[in-house]
Amino acid sequence: MSERGVADELKSSPDVRRMICITCPLGCHLEVSVHDDTFLVSGNRCQRGEAYAREEVLNPRRTVTATCAAVLPDGRHPGPSDGIPRRVPVRTSQPFPRERIQELLDLLHTMEIQLPVKSGDMVVENALGTGIDVICTRSLDASGR
Amino acid sequence: MERYDVAIVGAGVCGANIARRLSQYELDTALLEKEIDVSLGTSKANSGIVHGGFHDNIRTLKARLELRGALMFDRLHEELDFPFERCGILVAAFHEDEMRAIEQLYLQGVENGVIGIEMCSRERMLELEPKLNPDVVGGLHAPSGGILEPYRFVFSLVESARKNGVQVKTEFEVAAARRDGDWWIITATDGRELAARYVVNSAGLHADTVSAAFGGERFTIRPRKGEYYLLDRTTKAKPSKVIFPVPTEVSKGILVIPTVEGTVLLGPTASPARDKQDFATTRDQLEHILHSARTMIPSISENDVITSFAGLRAAYGDDFYIALSREAPAFVQVAGIQSPGLTASPAIGEYVKDLLKEAGLKLIEKRTWDPYVHKVPRARDADPYQLDALVREEAAYGDIVCRCERVSEAEIVKAIRAGHTTLDGIKYYTRAQMGRCQGGFCTYKIIRILMRETGMRYDEITKRGGKSRILEGEL
Amino acid sequence: MRQARYDAVVIGGGAAGMAAAIELNRRGHSVAILEREETLGGILMQCIHNGFGLIEFNEELSGPEFAQRLETQVRSRGISAFLCTTVLDIREEGGTRAVYCVSPAEGVSRIEAGAVLLAMGCRERNRGNIRIPGTRPAGVYTAGLAQRLVNIEGYIPGKDVVIVGSGDIGLIMARRMTWAGCKVHAVIEILPYPSGLTRNIVQCLEDFGIPLYLSHLVTDIVGEDRVEGVEVTPIEQGALMHDKAFRILCDTVLLSVGLVPENELSRAAGIDINPATNGPVVDSMLMTSMPGVFACGNVLHVHDLVDYVVEEARRAGAAASEWLAGYRPEAEIRVKAGANIRYVLPGRLNPARENRLYMRPLIVRNDCRLELKVDGKVVRSIRKAHVQPSEMLSMVVTQADLAQAGRDSVVEIALA
């Protein structure tokens, strides 16, 4: 069966997922179908497309970036006269399971980071039991520098 | 209840001129404004021109006030520190048959006593303004015409009035008025009340509803919209004089205006507005502006456009309607002030003062009257040595908040302390956010300064009061 | 007025400015960075998302992390960095260059510089530039301003968002606003293809089911005090289909409609500007029309990756260093944009050196060739699997490529 034929056949199947491969700028339009333990990818121009599709279907992950509230050494939140950012940027140390991102964001939005802080400092260790950490991505001393 | 000799309804350019004029006398005067700041109506969105005195016949009230008002600007400029320049006006004709209209304007200008007005050949026109379309066939030159920043003019007038004792009440929207003996009792929509012996209705677009509230004459203001384009100061198409086309029956046409602060303004269009809130610009009208402006100055490019906006003219009849009301006692109507309202406004102040006197108001000159406002140095106007001196006096002059218009933190703080606590108010006072990036870089800085200086919360910061909130939440 | 002198003055302390300054310092020159903000790092500081540094550091970093890597070098090398310092003027005075700047702490300073490096970055196009009609309510912001407000100031500009333009900042902000708890209703793109990277289309829109309307134009903004909605009109065969226009209710419009190099200082100094890039015209040393003044990064042309900015800035720093040491190219050859290329930068090649060129395609195409032609003859050809206007191309042109080229040769880069 030709590649086009597979794709056409799978179009009617509810198990077909379409996606654009983002491994390189070509942006192949992939069609992926999963039947029991078989995994069919079409539309890819190279092997990396198949690997990408497999990862996207079975275990999609994203690097999460967000901010947490900054807290001054005296316990106050920075105000308009402090000249200090109100938020400290953070990110996951590795790509994070996509379906749990909202849960992670809800956690990060309640967190406060005491200044001073250094880029790379641990903010959450083993976030939500995933084994993935959340780290701070900007150094800020208590004067905002 | 607070009691005043005079209450002026509406703090646009007319109300502000009237208030300042009355501040010369021993009077208690209140200036009432429904918006959060002064000059937020018609006075903020117009061509900013001191006209040349040739468009209207001297038999009309508006021509007489225009001619008188135009002469008053040099002194006002000296006293009130607003940007103003007599750059001159050209009316350009592009067909031989338009030259007849030019001649009419010239004769009218001569009859009106305009100084220095001249008929120009094609060569003379191109000599006066080399950027004109070489297809020009001739035109008119009125060297006394000029340009100014209309909102800065109003701000300075109000500051001067306030300095001389006038009470300014913003967010005071007249809801009702009743007579109590010799007094008018004025109620605002928020329930505030005050009493005044005399009332001046200079409510611009809303002069008809204000008149009705006082039992004055019934009339209808029909707003007429004028749309504008603003070009960056880097444009190569900036003329040295205001360029008019030959006027039509209904309007003076689309102008090319070199603003006093260095940008270029194109407009206005003239079309009926849907209602008094219809400040929307439209694709068709904006295309019309570019097309019309290019027939006069071909080098105008849409790439130089930094913003567009619309203003509403408070149109009523052919002439200004300034008179003692025949229906409501001690009530002066100042309505239908369209072009040349800005030019005429200082004379309107004087005229209304005389009407009030005629109606019995006692005018005793105030010995302590101070015509001058405090001059705010501007970083943009300073050379490096002057700026250095400014920073040594006040470090905040060294913090350039608005890079496009070179506005320092010191100027923003002065705007806030002068009572301009919205982003638009600060913009009109300082020009911050008015340049090519339109606030892209400086808005967050201005928000920070506003919060620091006033203690406002993030959700109290607005573009121009009301529901025009800038920030909808915090993380 | 304070006076100072450095071998080189760098205007702008973002990625380009820091990289150029590091290179100059490495080569033994005294350098000062003049930065108008309170911190170094420029726009990177508000780009908290990841995806920076894959080329430069072989790692995926967030914007602030990328900036920190450069800042650490600036600090450890003892390079002078003047913050809260706005440059007022660049002048040629008495055979040298003088930079006038102002800060609250120092007042106005006049800094003499052997070489000046322009690294002021770019600004966003705004509503006026693309002439969206309608009312002027609160709630219309450039995507970059919204990014600043959300990521550093910690405020949410609005809850129901429509994004105009599919540039990368807009796409990144679609995800950012969604993660901040807002609803992004649509992204509206006038072109038939997205302006941003495919990766961002997938991870910032498709992940959240945000619709992307290609070949659509926002034809009206509605609302008195605050935005209440936008009118969106489809474009078919180049014409607006007014009868198919529809309205989307929203309280916020974010504009991601392109970037413009910020060359007001350059213009005021009389430096020639290239209308194709809105950046200065530069020679093979990235030197502008004003001798001793160099340009790099987004002030020269808008780059897609900060890694390219750093690479270019390093070259500008090296070139300025050589210029300070007296090196002048003997004869330069002009290179121009040929078929399907919008611009080539720099516009001049040094036949005695290896040259790196950057260019931006005008077309979207798979399987094509990037060609260097000398007098109509292809001397180098590189296969490209895919090109699109949002992705910059680059080519190294060697001495050998130019062996047959004379001073009057026509050298061009084309896509075939």
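One table, with the values for the structure above:
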| item | result |
| --- | --- |
| Residue-span extension gain [C:GLU206 to C:VAL410] - 0.36 nm each, minus C-alpha spacing | 68.9 nm |
| FRET E, pair B:HIS374, B:GLU474, Förster distance 41 Å, beta-carbon r, rounded to 0.05 | 0.65 |
| Kirkwood estimate for chain A, i.e. one over the average of 1/r between Cα atoms, Å | 18.1 Å |
| Spatial extent of the stretch C:1-140: Rg and Dmax, with the Cα atoms as the point set, Å | 17.5, 56 |
| Size of the stretch B:227-270 as Cα extents on the principal axes (Å, biggest first) | 34, 19, 16 |
| Rounded to the nearest 20 debye, dipole of the stretch A:62-136 from Cβ charges on Lys, Arg, Asp, Glu | 240 debye |
| Per-selection metrics, the stretch B:379-460 (Cα): Rg and Dmax in Å | 12.3, 40 |
| Heavy atoms of A:ARG98: accessible area, 1.4 Å probe, square angstrom to 10 | 80 Å² |
| For peptides B:380-386, B:129-135, sequence by mean Cβ density within 10 Å, most packed first | B:129-135, B:380-386 |
| Distant alpha-carbon pairs in the protein assembly as shown (separation over 41 angstrom), percent | 47 percent |
| Cβ-Cβ FRET estimate between B:GLU85 and B:ARG178, R0 fixed at 51 Å, reported to 0.05 | 0.65 |
| Averaged over B:277-284, number of beta-carbon atoms from partner chains that fall within 10 Å | 5 |
| Pairs from B:LYS44/B:LYS375; B:LYS163/B:LYS362; B:LYS238/B:LYS467; B:LYS163/B:LYS427; B:LYS276/B:LYS427; B:LYS169/B:LYS414 whose Cα-Cα separation, in the structure shown, is over 27 Å | B:LYS238/B:LYS467 |
| Solvent accessible area, Å² - C:ASP243, 1.4 Å probe, full protein context | 140 Å² |
| With all protein chains modelled, accessible area of C:TYR213 [1.4 Å, Å²] | 70 Å² |
| Heavy-atom accessible area ranking, 1.4 Å probe, most first, across C:MET1, C:MET18 | C:MET1, C:MET18 |
| Positive-end residue, the protein assembly as shown charge dipole about Cα centroid, Cβ charges, pick of C:VAL411, B:PHE219, C:THR39 | C:VAL411 |
| Residue-averaged [θ]222 nm for the protein assembly as shown, counting only DSSP H segments that reach four residues, each worth -39500 (n - 2.57) | -7000 deg cm²/dmol |
| Along principal axes, Cα extents of the stretch B:35-104, largest first, whole Å | 48, 25, 24 |
| In order through the stretch B:87-101: 3J(HN,Hα) via Karplus (6.51 cos²θ - 1.76 cosθ + 1.60), integer Hz, x for Gly, Pro | 8, x, 10, 10, 10, 9, 9, 10, 9, 4, 5, 6, 5, 5, 5 |
| Cα-derived Rg to Rh of the stretch C:196-312, Kirkwood definition | 1.12 |
| Length-normalised contact order of the stretch B:198-350 in % [C-alpha pairs under 8 Å, at least 6 apart] | 33 percent |
| Longest to shortest principal axis, alpha-carbon extents of the stretch B:173-226, angstrom | 40, 24, 13 |
| Cα gyration tensor shape for chain B, rounded if a/c is under 1.5, else prolate or oblate | oblate |
| Distance between modelled label sites at B:SER121 and B:ASN57, nm, 7 Å Cα→Cβ extension | 3.3 nm |
| Ranking by accessible area, most exposed first, for A:HIS35, C:HIS29 with a 1.4 Å probe | A:HIS35, C:HIS29 |
| Charge dipole magnitude, Cβ of K and R +1, D and E -1 - chain A, Cα centre, debye nearest 20 | 580 debye |
| Interface A:C - total buried accessible surface [probe 1.4 Å, Å², rounded to 100] | 2700 Å² |
| q = 0.17 Å⁻¹: log10 I(q)/I(0) that the Debye formula gives for the stretch C:236-371, counting C-alpha atoms only | -0.99 |
| Shape call, the stretch C:126-257: gyration tensor on alpha carbons, a/c limit 1.5 | oblate |
| Spin-label pair A:LEU58/B:ASP135, simplified geometry with 7 Å Cα→Cβ offset, distance in nm | 7.1 nm |
| Relative pair counts by distance (%), Cα atoms of the stretch B:282-389, 5 Å bins | 2, 8, 10, 10, 10, 12, 12, 12, 10, 8, 5, 1, 0 |
| Relative contact order [Cα under 8 Å, 6+ residues apart], chain C, whole percent | 15 percent |
| Options B:LEU390, B:THR430, B:ALA379, ranked by Cα towards positive dipole end of the stretch B:379-460, top entry (Cβ charges) | B:THR430 |
| Value of D in µm² per second that Stokes-Einstein yields for the stretch B:302-456, Kirkwood Rh from Cα pairs, at 10 °C (1.306 mPa s) | 82 µm²/s |
| 10 Å-binned pair-distance histogram of the stretch C:338-402 (Cα, whole percent) | 21, 56, 22, 1 |
| Rg(Cα)/(2.2 N^0.38 Å) for the stretch B:67-145, N = residue count | 1.24 |
| Translational diffusion of chain C, µm² s⁻¹ [Kirkwood Rh, Cα pairs; Stokes-Einstein; 4 °C; 1.567 mPa s] | 57 µm²/s |
| Theoretical gain in end-to-end length, A:THR130 to A:THR110 [0.36 nm per residue, Cα-Cα removed] | 5.3 nm |
| Label-point gap, in nm, between B:GLU26 and B:LEU71 - each point 7 angstrom along Cα→Cβ | 3.1 nm |
| Hull-based mean projected area of the stretch B:124-244, where the convex hull spans the alpha carbons, in square nanometres | 12.5 nm² |
| Proximal lysines to C:LYS244, defined as alpha-carbon separation beneath 25 angstrom and excluding residues fewer than eight positions away on the same chain | C:LYS183 |
| The stretch C:1-48 - convex hull of the alpha-carbon atoms, volume per residue in Å³ | 73 Å³ |
| Rg over Rh [alpha-carbon atoms, Kirkwood Rh] for the stretch A:69-126 | 1.01 |
| Viscosity 0.692 mPa s, 37 °C: Kirkwood-radius Stokes-Einstein D of the stretch B:1-139 over Cα pairs, µm²/s | 183 µm²/s |
| Exposure rank, largest accessible area first [B:MET296, A:MET122; 1.4 Å] | A:MET122, B:MET296 |
| Ordering of C:80-86, C:157-163 by burial proxy (mean other Cβ atoms within 10 Å per residue, highest first) | C:157-163, C:80-86 |
| Charge dipole (debye, nearest 20) of the stretch C:70-178; +1 at Cβ of Lys and Arg, -1 at Cβ of Asp and Glu | 420 debye |
| FRET E, pair C:ALA276, B:ASP354, Förster distance 60 Å, beta-carbon r, rounded to 0.05 | 0.45 |
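The values are calculated or read from the model by the stated rules, or taken from the named source; none is laboratory data. Quick caveat, the model's predicted, so the values are computed rather than measured. No Cβ is skipped: glycine too gets one built from the backbone with ideal geometry, and neighbour counts run over all protein chains shown. We work out accessible area using only protein heavy atoms, side chains counted, and drop any ligands, DNA or RNA first. Shrake-Rupley method; radii C 1.70, N 1.55, O 1.52, S 1.80 Å.
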